[in-house]
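**Student:** Below is a structure I'd like to ask you about.
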Amino acid sequence: MSKSDLADETKTEIQQSGPVDLLIGVSGAMNWAELQQHAAGLLHGLQESGTISSVVIAYPGEGEAFTEQADTDLPRLMSYPLSSSDPASLPWLVASAAQKAICSLAVELGAKTCVMLHSDLEMLRTERVELLTQPIVEQQCDLVLPVYPSRKFDGLLNHSILAPLTRALYGQRIRYPLAPDLGCSARMCQKISESASAHERGEGSLLWPATHAAISNYRVCQANVDVHHAPQTEGLELSEVLTSLAGSAFAEMEKYAPCWQRVRSSQPTATSGNISPQINDGEPVDARPLIDSFLLGSRNLQEVWGLVLPPVTLLELKKLARCAPESFRVPDELWVRIVYDFALAYRLRTINRGHLMGALTPLYLGWVASYVQEVAERSPQAAEQRFEQLAKAYEEGKPYLVSRWRWPDRFNP
């Protein structure tokens, strides 16, 4: 985003602006009244720390409600253009476009630190914003990602694919690599602002700040936060979600293959803030419909799976299809190989990518069924350990991925 893309009022304010310690950007359409309410006490609270004196809040659109601001108790308010404003756009696509635009605005303003927040504004509190800024100001971190409290059955796509895949590929033990809230240093904002636009990356592609940090050898930190955002996948088809999220992760793998093939292990990520209490797990999940979806896929997708998966994996899947429902379990090593093989097929365009991710859907539901049955009687802490075990399996299975990536024909039937 260049200055020519900004509203006239914003261009003028940038020209007249003094030093900016902190830019807070809202990544999507939000409630105007709530923004004013939350912003009212924010400036004083942040200034009390002594490290922040100038705060700007950026919001999407023209924002005629804020073009003239007389209340000096509020942070300065500034609009930015949001290209993905189509209401039909998936929420994480909108957030990715917003994050890039906010980082570009931070560069234009010369902001020392930038924080990007979910549009529900739950993080727009002094103590929560500080969780994302303090590691940057005090510990020279470049990217701060949140660790949210979660139920045992929340965010399973993140826990089963996105987070452990990021860990194995780039050596970063990050719980939420595609978080809607994050803090960035000035040089991290510069890096993101210089990244390809969504149009240049390809329709539907996402911005992965953690990946940009990894390939630049920037320092990444995490912060425990006491916020639980509503799920963004409500009302969406699972195959559409997998295509967008897992498909984007696979596209990043293809782009940065020379980088991640050199990474041999992962390192712990410094994490600040108090661990929030686990949220009540809610109603139990019935695994039987999930198993039925897997079985349906097993009957109807053998030909497609045969194009993607090697014979030994197909044999294990056939054995799973004959299991009694109560003993249905997907071994970690099997699931990891499946994900790696689908990532390779995505790269090779073995079949249409949309059809490919559709074929992954019943396999993913099979993994969910297995996980649900395994942790049903376990504590939230035990479920957390289960995710750690899976993440280690991704790392241990990485030589398989590297071999298949370099010599894809070697394992073909």
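**Student:** Sequence-distant or interchain residues sharing an amide H contact under 5 Å with GLN222, placed H: which?
**Tutor:** Sorted by chain and number, the residues that satisfy this are LEU145, ALA270, THR271, SER272.
**Student:** Follow-up. Say each of ARG406 and GLN36 gets a label point 7 Å from the Cα, pointing the same way as Cα to Cβ; how far apart are those two points in nm?
**Tutor:** Placing both labels 7 Å along Cα→Cβ, they lie 6.2 nm apart.
**Student:** Could you give the length gained by full extension between ALA270 and GLU127, i.e. 0.36 nm per residue of separation minus their alpha carbon distance, to one decimal place?
**Tutor:** Contour length minus the Cα-Cα distance gives 49.6 nm.
**Student:** Under a crude label model (7 Å from the Cα following the beta-carbon direction), how far is LEU314 from GLN302 in nanometres?
**Tutor:** The modelled label-to-label distance comes out at 0.9 nm.
**Student:** Taking the chain as a Gaussian network, where each spring joins two C-alpha atoms under 10 Å apart, which residue of ARG299, ARG187, ARG386 fluctuates the most?
**Tutor:** So, out of ARG299, ARG187, ARG386, the one fluctuating most is ARG299.
**Student:** If I model a spin label as a point 7 Å beyond the Cα along the Cα-Cβ vector, how far apart are those points for ARG378 and SER49 in nm?
**Tutor:** Each label point is offset 7 Å from its Cα along the Cβ direction, giving 3.6 nm.
**Student:** Moving to a separate point now. Using 20 Å bins from zero, what percent of all Cα-Cα pairs in the chain falls into each bin?
**Tutor:** In whole percents, the pair-distance histogram is 26, 54, 18, 1.
**Student:** What's the tally of Lys pairs in the chain whose alpha-carbon atoms lie under 26 angstrom apart, where the two lysines are 8 or more places apart or on different chains?
**Tutor:** 19
**Student:** For the range 288-406, just say rounded, prolate or oblate: build the C-alpha gyration tensor, square-root its eigenvalues into a ≥ b ≥ c, call rounded for a/c under 1.5, and beyond that prolate if a/b exceeds b/c, oblate if not.
**Tutor:** Judged from the Cα gyration tensor, the range 288-406 comes out oblate (a/c at least 1.5, b/c at or above a/b).
**Student:** Okay, next question. Select from LYS112, LYS318, LYS100 the residue whose mean-square fluctuation is largest in a Gaussian network model of the chain (Cα-Cα springs shorter than 10 Å).
**Tutor:** Greatest mean-square fluctuation among the candidates belongs to LYS318.
**Student:** Hey, how many Å between the Cα centroid of the range 85-160 and the Cα centroid of the range 247-268?
**Tutor:** Taking the Cα centre of the range 247-268 as reference, the centre of the range 85-160 is 22 Å away.
Here, each number is a calculation from the coordinates, and none is a lab measurement. If you're wondering where the values come from, they're calculated on a predicted model, not measured in any experiment. As a convention, Cβ positions derive from the backbone with ideal geometry for all residues, glycine included, and neighbour counts pool all protein chains shown.
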